[in-house]
């Protein structure tokens, strides 16, 4: 999917949401969420291609396999949390959006702990 197709789809979604918002705000919100989810799913294959490239680069640099998996999990989780928080904002729930963001940050830190521990171990080995 090209940038022009994404922009065209988004523009059509904006027009549809603007028209339906006057008559049914809840339906406009549903259309908005649906369009966002469709775009997210359409780019799932692109995310997989990027993850594959990233994984091959990290393997060629000698990074352990479990670190690659954790890094990709952190990146994927960040995208999902951002999508959820933006959806909450769009629904007019900024407090919920901030809580989703906070929970996502805690999740990302907890997912990153094994890599951080490994880095600390590597640094202490090199210093000794």
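Before moving on, here are some points about what is shown:
- If you wrap the tightest convex hull around every Cα atom of the stretch 12-76 and split its volume per residue, you get 81 Å³.
- Scattering profile of the stretch 1-42 at q = 0.15, 0.20, 0.27 Å⁻¹ [log10 I(q)/I(0), Debye over alpha-carbon scatterers]: -0.35, -0.57, -0.87
- Full extension of the segment from residue 79 to residue 6, taken as 0.36 nm per residue of separation minus the current Cα-Cα distance, would add 24.5 nm.
- Distant alpha-carbon pairs in the chain (separation over 18 angstrom), percent: 67
- Linear extension gain, residue 126 paired with residue 59, 0.36 nm per residue minus alpha-carbon span: 22.0 nm
- Across all directions, the average flat footprint of the convex hull enclosing the Cα atoms of the stretch 57-115 is 4.1 nm².
- Between residue 26 and residue 118, residue separation times 0.36 nm minus the direct Cα-Cα distance comes to 28.3 nm.
- Per-residue ellipticity at 222 nm from helix content only, as computed over the chain with -39500 (n - 2.57) for each DSSP H run of at least four residues, stands at -32000 deg cm²/dmol.
None of the figures in this text is laboratory data; all of them are computed from the coordinates on show. It should be emphasised that the depicted structure is a prediction, and the values quoted were computed from it without experimental measurement.
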